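The values are calculated or read from the model by the stated rules, or taken from the named source; none is laboratory data. Just so you know, these numbers come straight off a predicted model, no measurement behind them. Note that we place each Cβ from the backbone using ideal geometry, even for glycine, and neighbour counts take in every protein chain shown.
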Number of protein chains: 2
Amino acid sequence: MSLDKTIYLGPFVHSTSLKELEICTTGAIGVDESGKIAFIERSVQPNSVPRRPGWETAKVVHIQDNGFFFPGFIDTHIHASQYPNSGIFGSSTLLDWLETYTFPLESSFRDLSVARRIYTRVVSRTLSHGTTTACYYATVHVPATNLLADICFERGQRAFVGRVCMDRLSPDYYRDESVDAAVRDTKACIEHVQHIDPGYELVSPIITPRFAPSCSDDCLKQLGQLHKDSGVPCQTHISENKAEVQLVRELFPKSKSYADVYDEAGLLTAKTILAHCVHLSDQEQELIKVREAKISHCPASNTALTSGAARVRELIDRGITVGLGTDVSGGFSASILEEVRQAIMVSRHVAMTDGDAAKLSTEEVLYLATRGGAKVVGLEGKIGGFEVGMGWDTQMISMGSVSEGGELSHNDGPVDIFGKEAWSDRVAKWVWNGDDRNVRAVWVKGRLVHGTDS
Amino acid sequence: MSLDKTIYLGPFVHSTSLKELEICTTGAIGVDESGKIAFIERSVQPNSVPRRPGWETAKVVHIQDNGFFFPGFIDTHIHASQYPNSGIFGSSTLLDWLETYTFPLESSFRDLSVARRIYTRVVSRTLSHGTTTACYYATVHVPATNLLADICFERGQRAFVGRVCMDRLSPDYYRDESVDAAVRDTKACIEHVQHIDPGYELVSPIITPRFAPSCSDDCLKQLGQLHKDSGVPCQTHISENKAEVQLVRELFPKSKSYADVYDEAGLLTAKTILAHCVHLSDQEQELIKVREAKISHCPASNTALTSGAARVRELIDRGITVGLGTDVSGGFSASILEEVRQAIMVSRHVAMTDGDAAKLSTEEVLYLATRGGAKVVGLEGKIGGFEVGMGWDTQMISMGSVSEGGELSHNDGPVDIFGKEAWSDRVAKWVWNGDDRNVRAVWVKGRLVHGTDS
């Protein structure tokens, strides 16, 4: 599909490093027919369009209402199938939460009409929150998982779609019947994505052992072999909850650690996304570092299920790559902006015991939500920021203006701009009170996938 | 002002005790001309209006879209004047945050047009979030404080409006010039409210020493005397941050504790609202209990400013009355529903160190947000629940329905109801993902003060 050459005119904000957020208030970004950034200008006069050869007839999209362009968010861990349970967890913790809330819902995806309804909704929701790339866990069902891939592809969301493997310690009504079945069905889902998007340009399969307790040793090893043979990335959970860590210790008595279980199966590689990492030992962190495996930090979920508080500063300082995940529905919200807030808040709680160095700044967490996420999913240099050659995976943020009379004009969203705020404070106000109402438009690879561009 | 007799028809939800939430799906509540609940029926047939003598011609308000009536929220601690700074705090903690962000903004309220714009906005915002009663801190300025009282009165929000007293350790550009000035100006604000609302039926003054470090010993004592003589309630901060606690120790070397400072001044009574209470000693908790002083728990603020995590379970178990406060703008949001979430999340962090008993349930925190708040502000039995004789201070909650095709109908808010959710799960989904879009209408004393009732 060829797009109109387009110039996006107005302020843009993005991370240039972990600690630095560039706020350019006089920007213009040209996006070519393939949806990639062709040029970036940083000193454009207000209300003027930069003149460039070959761009005279380009479409122009103007920023609106105290707005700015921001890179699309990358959700590195979300269970699409659990979306209807968002906010439903009571006082449970991981293992009883799975039994009570999760498995009954996931098992209903044997009915494809259930899957269509829920997956359509979750893709609409995540796009509306500015999520341009999502790493989805589906269910064990092949047709439903393939349908999720189809929906992402049609709606234009970048996605990693994983069929969940679980051949033990799972309910009779919801499990893989054998290791062979787990591998065969995983391959079927890989083949489906190869069929709809052969180059994995937008949608990619991802090998998804649920977590070590749900998978036999043989299952993990065969999935590790498939990971190696196919080059398809993999995702799983690790060290979310202390009871789970203890369970893994009992189930894999020969392994040195939880991380070691995955490593022995060939599932701990540079193309592995590990969700949670709350209770990792030093040795496990070091192993993850050496293997260049990536971490999805899911603070809302970790707090909601009382799993613990991940030591993100420690992980980052060690040189491990970290992104953010909503972990719906352990996490209650499908919004990465909410997860940004939660990550900052959890880091404050860590700081209360470990000292101020543990605090993550707004800039740092926005980096995790964009550039960090891009590294986690193996798309570093392709998405996550504004650089020539990167894909235009972008959200247009707008915010309301407070009139002299104290009423809100132009935008009835949750953020009130009074007019005297410095630009860095406007960004902070968006981070802390913004929601999907502030997401006026979303593009993936230059294609408008949510909202309106005029 | 006389109102139409009105029957509110449909599900209603409210706390009947700390641990119990009544969910009545077949309700009808009659509200009389004075805005008080005249009757409650719990077994009304769908789509039928109960027949009662004298109510034949009453107006009927039907619940909409997966909705329910819920008591209005009570925000027991909010700095109205700081609202434009919502979300602006960076990595600061209490004392530098005051200097950097707060005092410069508050001082601008010497200009009444600034005050009008901001106070109009904050009352609109809090009403839109379902806050029917708010305990406001204004600034030191008498005209601006009186204007806030006027705006609350006109808009119909129950409010406690406090002129802030601060005669030391405050910037030269923003402080009381003397103890006499602090007392005189506080009296002027009390008299203004007596003038507009003589019985304090809707708006009440509240004596507001900022906090002990900002007030000389003499200032606290004179305000304590005024509190005793006038019967006007008082509000202040206590034990929010460790550096602040240490500062109080240095400033009041003769006092046994921070709580003792207030007690010695006659400011620790059954009509005192103490915000924060994060680092209280056992002795202070016991003193607060004995004096029957009330506590405003402000979890969002306490985490955002890395103040600490209040031990709410301990306070409740001791028999102390606790409500919730947004503490805008130490807290980033003007929404008590957000504070409900934050209170649950903070209690999880406390549970991670102190054990599971510290966890607050959704039911418990909704109690704090309504019944607890009512006790904190001295309106127990008048607001906070649905009982005959109570005022109709209510929000009508509605939520979206997901169509079979996966799209959202009727309501474009943030909560997706798929249809199979149990009623308790619907409430949980509202708690965890709801926002002002789910607040379709708000009434105070039977008067519609936000949204639409049809």
The condition from (1) acidic (Asp, Glu); (2) within 14 Å of chain B (Cβ to nearest Cβ); (3) buried (at least 24 other Cβ atoms within 10 Å of the Cβ) that A:ASP393 misses is numbered (2)
Suppose we filter B:VAL290, B:VAL278, B:VAL261 for residues that are among the hydrophobic types (A, V, I, L, M, F, W, C) and assigned to a loop (DSSP other than H, G, I, E, B); which single one remains?
B:VAL278
Answer yes or no as to whether A:LEU148 is surrounded by 24 or more Cβ atoms within 10 Å (Cβ to Cβ), within 14 Å of another protein chain (Cβ to nearest Cβ) and in contact (Cβ under 8 Å) with a residue 24 or more places away in the chain.
yes
Conditions (1) touching a residue at least 60 places away in the same chain (Cβ under 8 Å); (2) more than 27 Å from B:GLY87 (Cα to Cα); number of the one not met by B:THR321
(1)
Could you list, in sequence order, all residues of the range B:320-358 that are assigned to a loop (DSSP other than H, G, I, E, B) and either in contact with a Lys or Arg (Cβ under 6 Å, 6 or more places away or on another chain) or not assigned by TED's automatic domain parsing to the domain that holds B:GLN82 (or both)?
B:ILE320, B:THR321, B:ALA334
Looking at the range B:429-454 only, could you name the residues that are aromatic (Phe, Trp, Tyr) and more than 30 Å from A:THR303 (Cα to Cα)?
B:TRP443
What are the residues in the range B:397-435 that are of a type in the set (Ser, Thr, Tyr) and without any contact (Cβ under 8 Å) to a residue 12 or more places away in the chain, if any?
B:SER403, B:SER409
Answer with yes or no whether B:VAL13 is in contact with a strand residue (DSSP E or B) (Cβ under 9 Å, 6 or more places away or on another chain), touching a residue at least 12 places away in the same chain (Cβ under 8 Å) and surrounded by fewer than 19 Cβ atoms within 10 Å (Cβ to Cβ).
no
Single residue of the range A:439-450 satisfying the filter (of a type in the set (Val, Ile, Thr) and either closer than 18 Å to A:VAL13 by Cβ or without any contact (Cβ under 8 Å) to a residue 24 or more places away in the chain (or both)) that is surrounded by the most Cβ atoms within 10 Å (Cβ to Cβ)
A:VAL442
How many residues, within the range B:84-128, are charged (D, E, K, R), in contact (Cβ under 8 Å) with a residue 12 or more places away in the chain and more than 9 Å from chain A (Cβ to nearest Cβ)?
3
Among what's in the range B:406-438 and is charged (D, E, K, R), at the interface with chain A (Cβ under 9 Å from one of its Cβ atoms) and assigned to a helix (DSSP H, G or I), pick the residue that is surrounded by the fewest Cβ atoms within 10 Å (Cβ to Cβ).
B:ASP425
Give just the number: which of (1) more than 14 Å from chain A (Cβ to nearest Cβ); (2) farther than 20 Å from B:GLY199 by Cβ does B:ILE383 not satisfy?
(2)
How about the range B:204-244: which of its residues are buried (at least 22 other Cβ atoms within 10 Å of the Cβ) and among the aliphatic types (A, V, I, L, M)?
B:ILE206, B:ILE207, B:ALA212, B:LEU220, B:LEU223, B:VAL232, B:ILE238
So which residues in the range B:233-259 are on the phi < 0 side of the Ramachandran plot and in contact with a Leu (Cβ under 7 Å, 6 or more places away or on another chain)?
B:CYS234, B:THR236, B:ILE238, B:GLU240, B:ASN241, B:ALA243, B:GLU244, B:ALA259
Being of a type in the set (Phe, Trp, Tyr) and not in a helix (DSSP H, G or I), is that true of even one residue in the range B:381-389?
yes
Going through the range A:277-306 in order, the residues found to be away from every other protein chain (no Cβ under 14 Å), farther than 12 Å from A:ILE320 by Cα and in contact (Cβ under 8 Å) with a residue 40 or more places away in the chain are A:LEU280
Contacts under 6 angstrom Cβ, first residue in the range B:347-367 being at the interface with another protein chain (Cβ under 10 Å from one of its Cβ atoms), partner modelled with pLDDT under 95, 6 or more apart
B:LYS359/A:SER91; B:SER361/A:SER91
In this structure, is B:THR326 more than 10 Å from chain A (Cβ to nearest Cβ), of a type in the set (S, T, N, Q) and touching a helix residue (DSSP H, G or I) at 6+ places or on another chain (Cβ under 6 Å)?
yes
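Matching residues to (1) modelled with pLDDT of 95 or more; (2) closer than 27 Å to B:THR362 by Cβ:
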| site | (1), (2) |
| --- | --- |
| B:ILE7 | yes, no |
| B:GLY10 | yes, yes |
| B:SER17 | yes, yes |
| B:LEU21 | yes, yes |
| B:ILE29 | yes, yes |
| B:VAL44 | yes, yes |
| B:VAL61 | yes, yes |
| B:ASP65 | no, yes |
| B:PRO71 | yes, yes |
For the range B:167-211, name all the residues that are part of a loop (DSSP other than H, G, I, E, B) and within 23 Å of the chain's Cα centre (by Cα).
B:ASP197, B:PRO198, B:GLY199, B:TYR200, B:GLU201, B:LEU202, B:ILE206, B:ARG210, B:PHE211
Just one of A:GLY323, A:GLY308 is farther than 23 Å from B:ASN302 by Cα and out of contact with any Asp or Glu (no Cβ under 6 Å at 6 or more places or on another chain); which is it?
A:GLY323
Among the candidates B:ALA58, B:ALA28, B:ALA38, which residue alone is small (Gly, Ala, Ser) and under 22 Å from B:LEU202 (Cα atoms)?
B:ALA38
Would you say B:SER454 is surrounded by fewer than 24 Cβ atoms within 10 Å (Cβ to Cβ), in contact with a Ser or Thr (Cβ under 7 Å, 6 or more places away or on another chain), more than 10 Å from chain A (Cβ to nearest Cβ) and modelled with pLDDT under 95?
no
For the range A:368-380, which residues satisfy the criterion of being outside any loop (DSSP other than H, G, I, E, B) and either within 14 Å of chain B (Cβ to nearest Cβ) or more than 21 Å from B:PHE89 (Cβ to Cβ) (or both)?
A:THR370, A:ARG371, A:GLY372, A:GLY373, A:ALA374, A:LYS375, A:VAL376, A:GLU380
Given B:THR306, B:THR321, which one is closer than 25 Å to A:GLY355 by Cα and either surrounded by fewer than 24 Cβ atoms within 10 Å (Cβ to Cβ) or not aromatic (Phe, Trp, Tyr) (or both)?
B:THR306
Do you know which of the residues in the range A:129-143 that are not aliphatic (A, V, I, L, M) and not in a strand (DSSP E or B) is surrounded by the most Cβ atoms within 10 Å (Cβ to Cβ)?
A:GLY130
